[in-house]
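Peer 1: One structure is given below, represented as structure tokens, and several questions about it will come after.
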Amino acid sequence: MADLQGLTQLFAHEMAARLRSGETTAREIAEAHLARAHATDHGLHAWLTIDDERALAEADAADATLAGARAEGPDALAALHPLHGMPVALKDLVSVKGGQCTAGSRILEGYRAPYDAHITERLRAVGVVILGKTNMDEFAMGSSCEHSAFGPTANPWDLERVPGGSSGGSAASVAAFQTPLSIGTDTGGSIRQPAALCGIVGMKPTYGRVSRYGIVAFASSLDQIGPFARDVRDAAALLHAVSGRDERDSTSAPEPVAEDLVNLPASDDEAASWLRGKRFGVPREYFVEGMEPGVAAAIRTAVADLERAGATVEEVSLPHTDYGLASYYIVAPAEASANLARYDGVRFGHAVTDGADYLADYLVTRGSGFGPEVKRRVMLGTYALSAGYYDAFYLKALKVRTLIKRDFDVLFDAGFDALVGPTSPDVAFRFGAKLADPVKMYLSDACTLPVNMAGLPGISIPCGLSEGLPVGLQLIGPAWSEGVLMRAARAYEGVTASADWRRVRPHDLAKLAGAGLPTPAERIASR
Amino acid sequence: MTATAERAGGVLERYEAVIGIEIHCQLRTVSKMFCACSTQYDGAAPNTHCCPTCLGLPGALPVINRAAVEHVIATGLAIGASIPARTQWERKNYFYPDLPKGYQISQYAIPLAANGRLAIETSAGLFTVDITRAHLEEDTAKLAHGDVVPGSTAGRTTLVDFNRSGAPLMEIVTEPCIRTAEQARRYAEELQLVLRAIGVSDADMERGQMRVEANVSLRVRGTQPFGTRVEVKNMNSFRSVERAIAFEIERQAAALDAGEPLWMETRGWDDGRQATYHMRSKETSEDYRYFPEPDLPPLRVDEAWIEAVRAGLPELPAARRERYVAAGITPYDAAVIVADPGMTGAFEAISAAAASLPAKEIANFVSGMHARAAKSAGINDRGTAGASDPASIAVLLSAIADGSIGRPIGRDLLDRHLADGTPAADLLATVASTISDDAALLGHIDAVIAANPKAVADHRAGKPVAGFFVGQVMRATGGAADAAKVTALVRQRLDAEG
Ligand SMILES: [Zn+2]
């Protein structure tokens, strides 16, 4: 492919090997990705900020550390993190000291974070190079990236379609080979669904696995931070880099980080062999009404592939799945209504002060600073928590949440290693297709949000195409089973290594490099 | 009793006041409630003691301050409250510029301490205040209204200082069981004593470390339903607590007598005008939309933790008063001493240095001479005033008590010790060492008799001259002799002469 050559087409683990062997430098790697991001992002709009200066300084520092380690000896070199010197993109809700952090909202325009998020510190500590910040649905509320205040992101498979959301920019940038790795957050599917729609790997870890300190909150009891990559090994290594207890997040768990995340088998056969004797459940409720036939077919094929590799697969039931959406849309907006109260124009960001008093200033600031989806959810959440409605809505939703969690517990207690099903009921949809009907948009997350409600880890990996567009296979495991899920996902990669669909690259990659491409917002406007 | 309080007393024959008290106390901790920022911001430049968490920046998260939790547990134990095995945090949602997150992290459903009580002594006898709950929350920032920012074209501006934002705050709420303004004041006073004794709060009302709010309503005596409740705020001293409530009782009674309606409202106390004034209406109760704080897991308080806190509790004021009274101090003196940490400290230090000294002797000294000295010279780390030390004071008080030195000279020596800390031994050396030793006293007496033959003759003639001899002996000993003993010995000697 003429537009895609050199370093940017490689996986991070391939680049890391070249970096260590001295074939390339972290600076070359950063420069190649920065150049590609600049050259291809006009028509994609995956990025909100690309910080060349900072990235190159970090790359130089990574090269210096590498040189030091090389001089010190093999032990020092081996002690470096597998992702040392590798580039990463951060969803624009991760605080990076001195940098903008908009969370895709007008109301945070101009705000510069005065501190680093925990994961920013962790990434720096292991020598990962931060290229910039990616586009997202405002405050992570959305499944298409169309709710960004700064214009939508397109899908590299088809520029007329959405990349999914809310971490749409993080997913699209990886799918478009602008970066090998990115960070997203997932409150109801915001990593897994865009990973599925963009044909890449994305994981939402167990709640508490990654510290939320410094991540702009949407719904505190559901938010988790996780990796995007083009293969499982890279995703696992990135998860490894950001995992672990942080005293500053009281909900972060003291669970040890699974060290096998950085030791996944390189050999496809070896990886596939892991599946022998493993037991998977396929939740029948995840084959929802209105599901795209091509998606269902791809999932059935994937399940057959797992069986063929020696795994046992049984149909199982998660009986409270149907109530997931309704209860999620009580709990998440309720928490959001409080989390977003701090955007009042008093201390930072967008502020309008021509009101008659504080209240008037708040109304104008928030009225003009928040987009329609955010307002919808803040109102929904405020209502659900109001006196007289609390028991009927919020308390009831918490009870349903317990039942959803119990559904999963029953299956994992019965010995299933993981559950397998679709990530999203459909493939990437056209811009505007679900914008007019919020519930239709919410249904995109019907198979992912129960996992957030239960606090469990889930991963989406590519499993084929439906009418030419990527389909995501979701694997769900018990709490703290990220190591197992990554092995299972890597095994599936091994089993399907020679599948034809694995050789198909995003159709519109070539277009992206072309000149005179309209931005996604312009493309929509001209329709 | 003030005139207002007196009139309120009259009113109370017809109406019964129903009073509940809410007290917010700033807890004495090194850091704030949910972040590592220092609580030593008094006098600091605005916005110098803050961080992402207490500024409510995007992505910041709270972490519980264990010391603050222990302070509330300690308070709960001190008021005989029950401590739940599991407690949780809630968000209290409302918008105000002094509340950076748009919600306050507080405790709603399960307070850290519930169902306590505090006994207080009032002019009408002992009264027990039922305490509903004590819980933990965070303080707000401070607003400076009406300031004009230099160079700003805006007229009136409000400035926000976030130094106080997130400071640990304990709220203690009573049942509506209080019936008089005096009870309310005494409750606040006693609670302050307890909080100071257990070291959880400096509880200084004038400095805003202890903020008292009263809910006051009246009902016709003998009836059950509560009257219209008025919240009274801005009372910056115990005296203003009593006066504001007394005023409010009288004001409400006058309105009820006149058939005028009362409104649910918040009223402030104006110390200058000695009156409450309308601040805002409370007709519509605000909906705070409390819900469990998802950023903080529920807090488990196990028995071992509670017992560890209990083991660290010092003697409480009530128990201390009881002990003092049992030791022979009047209840009044015991109350005076226990109400003053300086006096209590001095009393304990001196008692420890002189086990056999009558408590009454120490109490008199501590609440009298010593209190005056402490007022001007302060308390040293040994617990006594200025340069003085408990051991020397104990020696001097013992010498007075056992009559080895006379009271006047004893007071003089104590004065000198309090003034410059001269050790008791050196001071005693300056007075005659005879003191109450019979042989030494007799030496002085014999010398005086020998030197005054005329007076001896007068004695033989039946004239009352014993007083003259005693005076001479006292002068000869520099006043250090036991006057009673000298008198007895003089009589004995003169009788022998005669
Ligand atoms: Zn702070």
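Peer 1: Roughly how many Å² is the accessible area per residue of the stretch B:315-428, as a whole number, for a 1.4 Å probe?
Peer 2: 44 Å²
Peer 1: Short version: ³J(HN,Hα) in whole Hz for each residue of the stretch A:280-295, in order, from phi by Karplus 6.51 cos²θ - 1.76 cosθ + 1.60 (θ = phi - 60°), x for Gly and Pro, what are they?
Peer 2: Once rounded to whole Hz, the list reads 10, x, 10, x, 5, 5, 7, 8, 6, 5, x, 5, 5, x, x, 5.
Peer 1: Give A:Lys399/B:Lys142; A:Lys396/B:Lys92; A:Lys278/A:Lys405; B:Lys101/B:Lys282; B:Lys142/B:Lys282; A:Lys399/B:Lys282 a once-over and call out the pairs whose C-alpha atoms are over 28 Å from each other.
Peer 2: In this structure, A:Lys399/B:Lys142; A:Lys399/B:Lys282 lie more than 28 Å apart at Cα.
Peer 1: Taking the Cβ of B:Ala346 as the centre, find all other residues whose Cβ is under 14 Å away and add up their charges (Lys, Arg: +1; Asp, Glu: -1).
Peer 2: -2
Peer 1: Please state the charge dipole magnitude for the stretch A:1-45, taken about the Cα centre, from unit charges on C-beta atoms (+1 on K and R, -1 on D and E), reported in debye and rounded to the nearest 20.
Peer 2: Roughly 120 debye, rounded to the nearest 20.
Peer 1: Taking Cα centroids, how far is the stretch A:415-484 from the stretch A:276-316 in Å?
Peer 2: 13 Å
Peer 1: Between B:Arg475 and B:Ala387, how high is the FRET efficiency from 1/(1 + (r/R0)^6) when r is the Cβ-Cβ distance and R₀ = 51 Å? Nearest 0.05.
Peer 2: The formula returns an efficiency of 0.95 here.
Peer 1: Please list, in chain and number order, the residues 5+ apart from A:Ser466 or on another chain whose amide H is under 5 Å from its amide H, with Hs placed from the backbone.
Peer 2: Distant-sequence amide H within range of A:Ser466: A:Val471.
Peer 1: How far apart, in nanometres, would the label points at B:Ala419 and B:Asp287 be if each is projected 7 angstrom from Cα along the Cα-to-Cβ direction?
Peer 2: So the two model labels end up 7.3 nm from each other.
Peer 1: Report the A-B buried area as the accessible area lost on both sides summed, probe 1.4 Å, in Å² to the nearest 100.
Peer 2: 2800 Å²
Peer 1: Defining a contact as two alpha carbons under 8 Å apart and six or more residues distant in sequence, what relative contact order in percent does chain A show?
Peer 2: Relative contact order, chain A: 19 percent.
Peer 1: Inside 10 Å of the C-beta atoms of A:385-391, what's the mean count of C-beta atoms belonging to other chains?
Peer 2: For peptide A:385-391, the averaged partner shielding equals 3.
Peer 1: Right, another one. Per-residue HN-Hα couplings for the stretch A:229-244, Karplus 6.51 cos²θ - 1.76 cosθ + 1.60 at θ = phi - 60°, whole Hz, x for Gly and Pro?
Peer 2: Each residue of the stretch A:229-244 in turn: 7, 8, 9, 5, 4, 5, 4, 5, 5, 5, 4, 4, 5, 9, 7, x Hz.
Peer 1: Which of rounded, prolate, oblate describes the stretch A:1-119, given a ≥ b ≥ c as roots of the alpha-carbon gyration tensor eigenvalues and a/c under 1.5 marking rounded, otherwise prolate only if a/b is larger than b/c?
Peer 2: It is oblate, given that a/c is not under 1.5 and a/b is not larger than b/c.
Peer 1: With the full set of protein chains in place, find how many percent of the accessible area of the protein assembly as shown is carbon and sulfur; take the probe as 1.4 Å.
Peer 2: Using a 1.4 Å probe with all protein chains present, the protein assembly as shown comes out at 54 percent carbon and sulfur.
Peer 1: Give the relative contact order (percent, whole number) for chain B; include only Cα pairs under 8 Å separated by 6+ residues.
Peer 2: In percent, rounded to a whole number, it is 13.
Peer 1: Give me the one-decimal nm value for the distance between modelled label points at A:Lys97 and B:Thr158, 7 Å along each residue's Cα-to-Cβ direction.
Peer 2: 3.3 nm
Peer 1: Add +1 for every Lys or Arg and -1 for every Asp or Glu among the other residues with Cβ under 13 Å from the Cβ of A:Arg192, and state the total.
Peer 2: Combined, the nearby Lys, Arg, Asp and Glu give -1.
Peer 1: So what is the accessible area of the stretch B:438-496 per residue, in Å², with the probe set to 1.4 Å?
Peer 2: Result: 52 Å² of accessible area for each residue.
Peer 1: How do the peptides B:208-218, A:454-464 rank, highest first, by the average count of neighbouring beta carbon atoms within 10 Å per residue?
Peer 2: Going from most to least packed, we get A:454-464, B:208-218.
Peer 1: Additional query: Note down the nm distance, to one decimal, between modelled labels 7 Å out along Cα→Cβ at B:Tyr277 and at B:Asp426.
Peer 2: It works out to 5.9 nm between the two label points.
Peer 1: Go ahead and run the numbers for FRET between B:Thr122 and B:Ala484, Cβ-Cβ distance against an R0 of 60 Å, rounding to 0.05.
Peer 2: Once the sixth-power term is evaluated, E becomes 0.90.
Peer 1: Cα gyration tensor of the stretch B:11-305, axes a ≥ b ≥ c as square roots of the eigenvalues: rounded (a/c below 1.5), prolate (a/b > b/c) or oblate?
Peer 2: oblate
Peer 1: If amide hydrogens are placed 1.01 Å from N in the peptide plane, which non-local residues have theirs closer than 5 Å to the one on A:Val96?
Peer 2: A:Ala113, A:Ala117
Peer 1: Is chain A rounded, prolate or oblate when judged by the Cα gyration tensor, a ≥ b ≥ c being the square roots of its eigenvalues, rounded requiring a/c under 1.5 and prolate requiring a/b larger than b/c?
Peer 2: The shape class here is rounded.
Peer 1: What residues of the stretch B:250-294 lose no less than 30 Å² of accessible area with every protein chain in place versus their chain by itself (probe 1.4 Å, heavy atoms only)?
Peer 2: In the stretch B:250-294, residues shielded by partner chains: B:Asp287, B:Arg289, B:Phe291, B:Pro292, B:Pro294.
Peer 1: Less than 15 Å Cβ to Cβ from B:Glu171, Lys/Arg counted +1 and Asp/Glu -1: what total charge do the surrounding residues give?
Peer 2: It works out to a net charge of -4.
Peer 1: How far is helix B:407-420 tilted off the main Cα axis of chain B, in degrees rounded to 10, range 0 to 90?
Peer 2: With both axes taken from Cα atoms, the answer is about 50 degrees.
Peer 1: So, for the stretch B:11-305, what is the accessible surface per residue at a probe of 1.4 Å, expressed in square angstrom?
Peer 2: Computed with neighbouring chains in place, this is 41 Å² per residue.
Peer 1: Turning to a different aspect of this structure: So what are the ³J(HN,Hα) numbers for the stretch A:352-365, from phi and the Karplus equation (6.51, -1.76, 1.60; θ = phi - 60°), rounded to whole Hz, Gly and Pro as x?
Peer 2: So the Karplus estimates, Gly and Pro as x, are 10, 10, 9, x, 6, 8, 3, 4, 5, 4, 4, 4, 5, 4 Hz.
Peer 1: Turning to a different aspect of this structure: Considering every residue in A:211-218, what mean count of other chain Cβ atoms within 10 Å of its Cβ is obtained?
Peer 2: The shielding value for this peptide is 4.
Peer 1: May I ask you to list the residues of the stretch A:240-282 whose amide nitrogen lies under 16 Å from a point 7 Å from Cα along the Cα→beta-carbon direction of A:Glu14?
Peer 2: Correct set: A:266-268.
Peer 1: Right, another one. For B:Ala439 and B:Glu303 in the same chain, what is the full-extension length gain: residue separation times 0.36 nm, less their Cα-Cα distance, in nm?
Peer 2: Between B:Ala439 and B:Glu303, full extension yields an extra 42.4 nm.
Peer 1: Continuing with the same structure: When Cβ neighbours within 10 Å are restricted to other protein chains, what is their mean count per residue of peptide B:57-69?
Peer 2: Shielding by partners across B:57-69 averages 6.
Peer 1: Set the Förster distance to 41 Å, then compute FRET efficiency between B:Arg239 and B:Ala326 from the Cβ-Cβ distance, nearest 0.05.
Peer 2: After rounding to 0.05, the efficiency reads 0.85.
Peer 1: Using a 10 Å cut-off on Cβ atoms, rank the peptides B:24-37, A:491-504, A:70-83 from the highest mean neighbour count down.
Peer 2: Result, highest mean Cβ count within 10 Å first: B:24-37, A:491-504, A:70-83.
Peer 1: Next question. Can you tell me which of A:343-352, A:14-23, A:297-306 comes out highest on packing, and rank the rest after it, using the mean Cβ neighbours within 10 Å?
Peer 2: Per-residue mean Cβ counts within 10 Å order the peptides as A:343-352, A:297-306, A:14-23.
Peer 1: Relative contact order of the stretch B:11-305, please, whole-number percent, based on alpha carbon pairs below 8 angstrom and at least 6 residues apart.
Peer 2: 25 percent
The values are calculated or read from the model by the stated rules, or taken from the named source; none is laboratory data. All of these numbers come straight from a predicted model, not from anything done at the bench. Cβ sites come from the backbone with ideal geometry, for glycine too, and all protein chains shown count toward neighbours. Note: areas computed on protein heavy atoms with side chains; ligands, DNA, RNA excluded. Shrake-Rupley method; radii C 1.70, N 1.55, O 1.52, S 1.80 Å.
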